């Protein structure tokens, strides 16, 4: 499989509405950086928490990228991301000053936001507008995850290698193969290949990853049926957004019912059955059992919705609230309770608890971006659709149900850049018939313009006529 196979740009599409840079770096250098930088996510150093070598490479490349392509950041979506991230940072600083957060905590909280923003700027300038480099970055992230599991695995990855180690990376590589032209042209083969990864994830006990993959496969199947060859310009449609949410809720409900049936019968193994019974034994079902931190984080937000509780917020009152879930039939086993951390386990809720409402607004905007893309993409034939859909559903889940930090400072900016590109591509798409009429019109306009210019040049000026 060569990199040339992924040159899938829409040559008929008008240019995306971003300012172009005055100079363009050599494309091989950008491609090498696009695959090499994320590959180094396997290496990290202990400096203000965990600092990945990938972040150092992106930070080092940023001045060069700003010099050669910096005008691209003037695009509306990129500018909005950076402004909201700045507001999030200022809110975090203000909250930590008010709360008297210890230095070790607030320096990690501030650096998390700063590195996320810097990584976004570098990744945006590096890959935006090039489908080839977007795919190369995904490949780099996947193999970087493999190297992390081989060289520096976490305790969770050693215990559950698919769920916390190589599952998402393997799925990413399968999606890359599914986008390869010889494979993508075969009817429904990419959909079945991706769905098979969902089955594997379900069998090994990675329930959330399995759900994301299966919903991705169903979405791509819907796209195969409904997508138009000439996409109309996309816009935010409340009706389509409601349909998208309704579709997601239906699929989620069906998935949970199927999972309940197969887990209770022991078809997924004894471990999956024990986990399901433990998490679903409570009054409010499996959702709260699997994400019990929601019970606490919502209370912390209600107590201080505007300014938050500070970076790495600690309060034994909230940590102890998890134990109250035992009253509703749940088994509580949360290590952060021993450290007095306010449990959140969510991009959105975590930022809201730590920085207040401005931290939440940042993630609400990212959610809105995902909704805009996903409520339009199924009507278009975008070559990167398998990757965009998988990234979109993964990001939806993570924003609500996964903690933010560590390597997500790299993966989330990449996800957002990919979604921005997908939205801008959809937004400027035009029907082929209209484009053909435009192409026929342009030569006539140019001829008329040349004739008018020639006549104007031959006509004497007003001053000459008076003389």
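Checking each residue in segment 147-166 for being without any contact (Cβ under 8 Å) to a residue 40 or more places away in the chain and crowded, with 17+ Cβ neighbours inside 10 Å picks out 149, 157, 164, 165, 166. For segment 159-186, the set of residues classified as over 21 Å from residue 134 (Cβ atoms) and in contact with a helix residue (DSSP H, G or I) (Cβ under 8 Å, 6 or more places away or on another chain) consists of 161, 162, 163, 164, 165, 166, 167, listed by residue number.
Across segment 24-42, not a single residue is classified as within 28 Å of residue 355 (Cβ to Cβ), at pLDDT below 95 and more than 25 Å from the chain's Cα centre (by Cα). Does residue 126 meet the test of being modelled with pLDDT under 90 and in contact with a helix residue (DSSP H, G or I) (Cβ under 7 Å, 6 or more places away or on another chain)? Taking the combined requirement at face value, the residue does not satisfy it.
When 319, 300 are screened for being at pLDDT 75 or above and either touching a strand residue (DSSP E or B) at 6+ places or on another chain (Cβ under 7 Å) or assigned to a helix (DSSP H, G or I) (or both), only 300 passes.
Cβ-Cβ contacts under 9 Å between residues 6 or more apart (or on different chains), taken from a first residue in segment 66-87 that is on the phi < 0 side of the Ramachandran plot and free of Cβ contacts under 8 Å to residues at least 24 places away in the same chain to a second residue that is assigned to a helix (DSSP H, G or I) and surrounded by 14 or more Cβ atoms within 10 Å (Cβ to Cβ), are listed as 79/73. Looking only at segment 322-348, residues that are part of a helix (DSSP H, G or I) and either modelled with pLDDT of 80 or more or touching a strand residue (DSSP E or B) at 6+ places or on another chain (Cβ under 8 Å) (or both) come to 3 in all.
Inside segment 371-392, residues that are surrounded by 21 or more Cβ atoms within 10 Å (Cβ to Cβ) and part of a helix (DSSP H, G or I) make up a count of 14. Residues of segment 293-312 that are crowded, with 21+ Cβ neighbours inside 10 Å, closer than 26 Å to residue 114 by Cα, more than 25 Å from the chain's Cα centre (by Cα) and without any contact (Cβ under 8 Å) to a residue 60 or more places away in the chain: 300 alone.
Hey, any hits in segment 220-238 for a residue that's buried (at least 17 other Cβ atoms within 10 Å of the Cβ) and at pLDDT 90 or above? So far as segment 220-238 goes, yes, one or more of its residues are buried (at least 17 other Cβ atoms within 10 Å of the Cβ) and at pLDDT 90 or above. Annotation for segment 199-211: no member residue is closer than 25 Å to residue 31 by Cα, over 22 Å from the mean Cα position of the chain (by Cα) and part of a helix (DSSP H, G or I).
Rundown of residues vs (1) in contact with a helix residue (DSSP H, G or I) (Cβ under 8 Å, 6 or more places away or on another chain); (2) surrounded by fewer than 23 Cβ atoms within 10 Å (Cβ to Cβ); (3) at pLDDT below 95, yes/no style:
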{"residue": "350", "(1), (2), (3)": "yes, no, yes"}
{"residue": "357", "(1), (2), (3)": "yes, yes, no"}
{"residue": "362", "(1), (2), (3)": "yes, no, no"}
{"residue": "402", "(1), (2), (3)": "yes, yes, yes"}
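When residue 56 is tested against the conditions (1) at pLDDT 80 or above; (2) assigned to a loop (DSSP other than H, G, I, E, B), the lone failure is (2).
The values are calculated or read from the model by the stated rules, or taken from the named source; none is laboratory data. The shown structure was predicted, so the numbers you read here are calculated from the model rather than taken from an experiment. A quick note on method: Cβ atoms are made from the backbone with ideal geometry, for glycine too, and the neighbour counts reach across all protein chains shown.
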